Amino acid sequence: MSTTGAMTSRSKVLRASFRGFAVIEKVGNKLPHPFWLFWILALVVVGLSAVLAAADVSAVQPDTDKTITVLSLLSKDGLALMVEGAVENFASFPPLATIITVMLGIAVAERSELISTLLRRMVARVPGRYLTFALSMTAMVGHVAGDAAYVTLIPLGAMVFRAAGRSPVLGCIVAFVSISAGYDASPSLTTTDVLLSSISTAAAQTIDPSYVVTPVANYYFGLASSVLIALVITVVTEKIMARRPDLETDEPTSGLGAEELGQVEITAAQRRALRVTGLVALAYVAVLVLIMLPSGSPLRGEGGSVVDSPLFRGMAFLLGIFFALVGTVYGRMTGTLAGARDVVGSMVEGAKSMAPILVLFFAISQFLAYFKWTHIGEILAIKVAQTLQSLDVQGWVVLLGLAVLVSFMNLVITSGSALWSLAAPVFIPMLILVGLSPETTQAVYRVADSVSNCITPMSPYFAMALGFIQRYRKSAGIGTLASFTIPLAAVIWIVWVGFFLAWYLLGIPLGPGA
């Protein structure tokens, strides 16, 4: 094929992609805010429960042979659940307390500037040949900061690439795709681990009331995935993206002013504080390990279990203490936290930042309480599981289909917790009944939910990334960003889903006890 023909084909693909994005953006913009979306779904459940209950829809639990029927929310008990139980529905929502506990600690680490300094340290003065991998791997570590990683790393990526004499636009792209497409891959535990495992536990307990999905359920897979995705992004960037001729027109591409250079590098005092903080972090982990060593340790579970133990079930509290401790140590050494009053102030600010999440959680908690009480999800799961069993569908085929479905759903519903709150009550019970563990279902969801983050214009961070790019390329638009992210996302999806299926087929544990 001639060069002209190849460019024409590429242009046609990009134009088709842009038209597709325009449709997604148009449809997505017509959707209500997730808060209202879950209330609308709750009303649908109310009406549907009445219809199905009148039709006497039921199913038989495979393990107990107990017949389950749909309960109507328009009955006396149903109305009591919606009115009298509203506060309890919210208070007992599994992710509510756990995410607040962890975020209070992370707020201290953020306010002390520990996280932003650590991220800058990881990419400052990295040799040019390793810069892309270093930036991508830093983003994997940066997932611990949640959405704050976007604000910190995208402009930092532009600056470090510019300092190396490379296109700052490419630096923005590498940082953005690494954070978004690899959002659920991290070498460390994050708030996402705590949040999703809580939702998964609630869904699994509709089948097995004693089942617990711990925050470390996918840790091994997440750790390996973080390295894999960083490598994939590095290879695609260096072999394909870096060779784009339009990058040569980006200005400026070399040299940093003193002010910008100061934003990348860290001071001697900050380096000392990082070293001390690192020692404190190691000491904290060492103390926990030492406490867990004796077979009769109070933090061990029944029969001396390590995984099913107070330590793992209380991981949210321990993570909160960890981030608060290291944040306080760093803040006191650098002066960003003057005393105990500032630590409390940091937590207050962190609690304020969670207000949008708490508002959304109220709507989600009511919807899930209604859905669970009516037994609609459980009956649906049994019916679909029986169909899959009758068709003798292989487990990996089911997981692949789920990955495709979630990837498309995420183009419109970009909140990972909202989408999992919607999907988990159906998918987890359904796949339990066909022999797939909640940890496995959660892992494939995390892969599919992550990759499409960088290509959907419905994500607020898509627009943010475009804004940073326009600092260096005034003419950049949605098409410009999509032309970079689509190829990267496509390769990451294929490699990561293939990696997950290989992991599953080989029977490698996804995490401790999983």
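The values are calculated or read from the model by the stated rules, or taken from the named source; none is laboratory data. Keep in mind that this is a model prediction, so the values were computed, not measured. Note: ideal-geometry Cβ built from the backbone for every residue, glycine included; neighbour counts use all protein chains shown. Only protein heavy atoms, including side chains, enter the accessible area calculation; ligands, DNA and RNA are left aside. Shrake-Rupley method; radii C 1.70, N 1.55, O 1.52, S 1.80 Å.
Comparison of 59, 42 shows that the only residue that is at pLDDT below 95, out of contact with any Ser or Thr (no Cβ under 6 Å at 6 or more places or on another chain), in a strand (DSSP E or B) and open to solvent by less than 80 Å² (accessible area, probe 1.4 Å) is 59. Put simply, of 151, 102 the only residue that is in contact (Cβ under 8 Å) with a residue 24 or more places away in the chain, over 22 Å from residue 235 (Cα atoms) and crowded, with 24+ Cβ neighbours inside 10 Å is 102.
Regarding residue 72, is this residue over 30 Å from residue 321 (Cα atoms), open to solvent by less than 30 Å² (accessible area, probe 1.4 Å), part of a loop (DSSP other than H, G, I, E, B) and out of contact with any Lys or Arg (no Cβ under 8 Å at 6 or more places or on another chain)? In short, yes. Counting the residues of the stretch 338-352 that are within 29 Å of the chain's Cα centre (by Cα) and open to solvent by less than 40 Å² (accessible area, probe 1.4 Å) gives 4.
Flag: residue 52 matches the condition of being at pLDDT 90 or above and in a helix (DSSP H, G or I).
Count of the stretch 75-91 residues, restricted to those that are farther than 22 Å from residue 51 by Cα and either open to solvent by less than 40 Å² (accessible area, probe 1.4 Å) or assigned to a helix (DSSP H, G or I) (or both), is 7. Reported count of residues in the stretch 381-408, each being open to solvent by 30 Å² or more (accessible area, probe 1.4 Å) and either at pLDDT below 80 or out of contact with any helix residue (DSSP H, G or I) (no Cβ under 6 Å at 6 or more places or on another chain) (or both), is 17.
Restricted to the stretch 207-263, and to residues there that are open to solvent by 60 Å² or more (accessible area, probe 1.4 Å), in a loop (DSSP other than H, G, I, E, B) and small (Gly, Ala, Ser), the residue that is modelled with the highest pLDDT is 210. Within the stretch 455-500, the set of residues being out of contact with any Leu (no Cβ under 9 Å at 6 or more places or on another chain), over 20 Å from residue 155 (Cβ atoms), in contact (Cβ under 8 Å) with a residue 12 or more places away in the chain and open to solvent by 30 Å² or more (accessible area, probe 1.4 Å) comprises 487, 491, 493. Filtered by the rule that a residue be within 22 Å of the chain's Cα centre (by Cα) and in contact (Cβ under 8 Å) with a residue 40 or more places away in the chain, the stretch 380-404 gives 399, 400, 402, 403, 404. Of all residues in the stretch 299-335, those being modelled with pLDDT under 85 and either crowded, with 17+ Cβ neighbours inside 10 Å or not in a helix (DSSP H, G or I) (or both) number 14. Among the residues of the stretch 267-298, what is the count of those that are of a type outside the set (A, V, I, L, M) and not in a helix (DSSP H, G or I)? Looking only at that region, the number is 6. Go through (1) open to solvent by 10 Å² or more (accessible area, probe 1.4 Å); (2) in a helix (DSSP H, G or I) for residue 183 and report which single condition fails. Failed condition: (2). Just one of (1) in contact with a Ser or Thr (Cβ under 6 Å, 6 or more places away or on another chain); (2) open to solvent by 10 Å² or more (accessible area, probe 1.4 Å); (3) of a type in the set (Gly, Ala, Ser); (4) not in a helix (DSSP H, G or I) fails for residue 198. It is (4).
Can you find even one residue in the stretch 430-448 that is open to solvent by less than 50 Å² (accessible area, probe 1.4 Å), basic (Lys, Arg) and either in a loop (DSSP other than H, G, I, E, B) or in contact with a Pro (Cβ under 7 Å, 6 or more places away or on another chain) (or both)? There is no residue in the stretch 430-448 that is open to solvent by less than 50 Å² (accessible area, probe 1.4 Å), basic (Lys, Arg) and either in a loop (DSSP other than H, G, I, E, B) or in contact with a Pro (Cβ under 7 Å, 6 or more places away or on another chain) (or both).
Within the stretch 355-369, is there a residue that is over 17 Å from residue 198 (Cβ atoms), without any contact (Cβ under 8 Å) to a residue 60 or more places away in the chain and either open to solvent by 60 Å² or more (accessible area, probe 1.4 Å) or not in a helix (DSSP H, G or I) (or both)? Yes, there is a match, as at least one residue in the stretch 355-369 is over 17 Å from residue 198 (Cβ atoms), without any contact (Cβ under 8 Å) to a residue 60 or more places away in the chain and either open to solvent by 60 Å² or more (accessible area, probe 1.4 Å) or not in a helix (DSSP H, G or I) (or both). Here residue 96 meets each of (1) in contact (Cβ under 8 Å) with a residue 40 or more places away in the chain; (2) farther than 27 Å from residue 115 by Cβ; (3) part of a helix (DSSP H, G or I) with one exception, condition (2).
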